[in-house]
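Structure first, then comments.
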Amino acid sequence: MAYRFKLNTPDTLTRVKIFFNRTLNNANQNFFNLQVWNEFGGKPGELIHEQLFFRVEYGEGLNGFYTYNLDEPVYIDNVRFPGLTFYVGLEQTTPAILNIGFDRNRNAKENIFYFVNNNWYNSMSDGALMLRPVLGTTGVSGIKPGTTTNIPLQVFPNPVSQGILKLNVGEKWLMQSHYQIMNLTGTTLLEGITARQIDVSNLPSGIYLLRLISGDQTGYARFVVNK
């Protein structure tokens, strides 16, 4: 399933809010992959970003949305997203229904697509999916429009079990950049001058995002702490 959106100016996709209907005994709490495409021929085109194995979760209160944070920001520009059109959608990992919310009070069926028999087809049902992209420069990304993510960066070991995260990055970036380590809510937990090794022994087990910053250039790497 894919949901089409169009921007007036370039921006950064950092999160996706989704409302899932509760089912008996939370039977729909299955896993799915979150995907972002550009457009080709009026339908989803190239897969630009994919994040695997999110689980159906429920927001608070009536019709409450749950927020899913992207591990890396997706910058929506005219280069990768012609016309500033992008699609956000879900790929099921099991045949079980996810039961995403469907708003009958608004009709956006022309923007809803389903992938059937190796092709995309427009929805035939009047309504709107209860799925909302969150755009802006706050949160996990902290990235500004115009920033390029072109610092080659790899980390190891991954997962980290002995408290030391090692960086595989070019020598010039060690001298010209600083780092931030954030959790998936966008909170900065560690920061400093970039080095070959970073002590992460005080971080609890979990998933983290390392960002290197040098002027208007950045590099990202996702890593896991497993104690």
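The values are calculated or read from the model by the stated rules, or taken from the named source; none is laboratory data. Quick caveat: nothing in here was measured; it's all calculated off a predicted structure. All Cβ positions, even for glycine, are placed from backbone atoms using ideal geometry, and neighbour counts span all protein chains on display.
Annotations
- Enumeration of residues in the range 119-137 that are among the small types (Gly, Ala, Ser) and not in a strand (DSSP E or B): Ser123, Ser125, Gly127, Gly136
- Looking only at residues of the range 146-168 that are surrounded by 13 or more Cβ atoms within 10 Å (Cβ to Cβ) and within 29 Å of Leu135 (Cα to Cα), we find that the one that is modelled with the lowest pLDDT is Thr147.
- Condition broken by Asn105, with the remaining ones in (1) among the polar types (S, T, N, Q); (2) touching a residue at least 40 places away in the same chain (Cβ under 8 Å); (3) assigned to a loop (DSSP other than H, G, I, E, B) satisfied: (2)
- Meets criteria (assigned to a strand (DSSP E or B), within 27 Å of Val16 (Cβ to Cβ), in contact with a strand residue (DSSP E or B) (Cβ under 6 Å, 6 or more places away or on another chain) and not small (Gly, Ala, Ser)) for Leu203: no
- Filtered by the rule that a residue be among the small types (Gly, Ala, Ser) and modelled with pLDDT of 95 or more, the range 84-100 gives a lone residue, Gly89.
- Total residues in the range 169-200, condition buried (at least 18 other Cβ atoms within 10 Å of the Cβ) and part of a loop (DSSP other than H, G, I, E, B): 3
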